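So the structure is just underneath, and the comments pick up after that.
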Amino acid sequence: MLAASIMRLHLLGEIMLKQLTYASRANRVMNIMDMNDILKISRANNAALGITGSLCLHDDMFVQQLEGAVSVVDALYERIVQDPRHRDATVVVMSDIPRRRFDQWSMGLLVEDQDNRYIFDKHSPTGKFAPFTMGVANSRAFFSEIRDHTRWIS
Ligand SMILES: Cc1cc2nc3c(=O)[nH]c(=O)nc-3n(C[C@H](O)[C@H](O)[C@H](O)COP(=O)(O)O)c2cc1C
């Protein structure tokens, strides 16, 4: 009986996927070594937690999309917002999703460079990257584009 309930909950957890996108501000200039540190721990943890997603850095702003079981995403976000490497974490979009966007990435990374800079500015009403206020439609378009068309630094 209990085993059946746990199995049902487990299946429910797998089915009920959530996507959380937040923006935050780095507390200092982040170099590629700093980003590698974040990526290394993220990829190890996220693979174990069944989390997928993508992390982007532009100027001093992060925008990250996390996907996974509802309670796991919530718990991870609570942990991430405590991290002293950034501040002002603000949820941009949070929604249930039928399937993952970044199913191949335990955590992708996109750091702005000459070639991809236009993507950051493109999905903003003002034409200047503004992750805190990008909203649902721009966030969706931004993450779709970086998944499909960008050279990833990993
Ligand atoms: C911008 C940013 C994004 C992060 N993303 C993740 C992530 O996706 N997964 C993860 O496990 N840790 C992530 N971290 C690191 C966590 O905040 C934390 O340092 C790490 O999970 C280790 O936590 P622990 O020391 O409690 O074990 C991120 C940190 C920052 C600054």
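Can you spot a residue in region 106-114 that is out of contact with any helix residue (DSSP H, G or I) (no Cβ under 9 Å at 6 or more places or on another chain) and farther than 21 Å from Lys18 by Cβ? Yes - at least one qualifying residue is present in region 106-114.
Do we have Thr90 as surrounded by fewer than 19 Cβ atoms within 10 Å (Cβ to Cβ), in contact with a Phe, Trp or Tyr (Cβ under 6 Å, 6 or more places away or on another chain) and over 22 Å from Met33 (Cβ atoms) here? So Thr90 passes the test. Comparison of Ile32, Ile38 shows that the only residue that is modelled with pLDDT under 95 and in contact with a strand residue (DSSP E or B) (Cβ under 8 Å, 6 or more places away or on another chain) is Ile32. When Arg8 is evaluated against the numbered criteria (1) more than 8 Å from the ligand (Cβ to nearest atom); (2) modelled with pLDDT of 95 or more, which criterion, by number, is the only one it fails? The single condition Arg8 does not satisfy is (2).
Within region 78-96, the residues that satisfy the criterion of being more than 9 Å from the ligand (Cβ to nearest atom) and closer than 28 Å to Asn116 by Cα are Arg87, Asp88, Thr90, Val91, Val92, Val93, Met94, Ser95. When Thr21 is tested against the conditions (1) at pLDDT 95 or above; (2) of a type in the set (S, T, N, Q); (3) closer than 17 Å to Pro84 by Cβ, the lone failure is (3).
Mind counting the residues in region 16-70 that are acidic (Asp, Glu) and either touching a residue at least 60 places away in the same chain (Cβ under 8 Å) or within 8 Å of the ligand (Cβ to nearest atom) (or both)? Residues meeting the conditions: 1.
The values are calculated or read from the model by the stated rules, or taken from the named source; none is laboratory data. The structure presented is a predicted model; accordingly, all values stated were derived computationally and were not measured. When we count neighbours, we look across all protein chains shown, and the Cβ atoms used for this are built from the backbone with ideal geometry, even at glycine.
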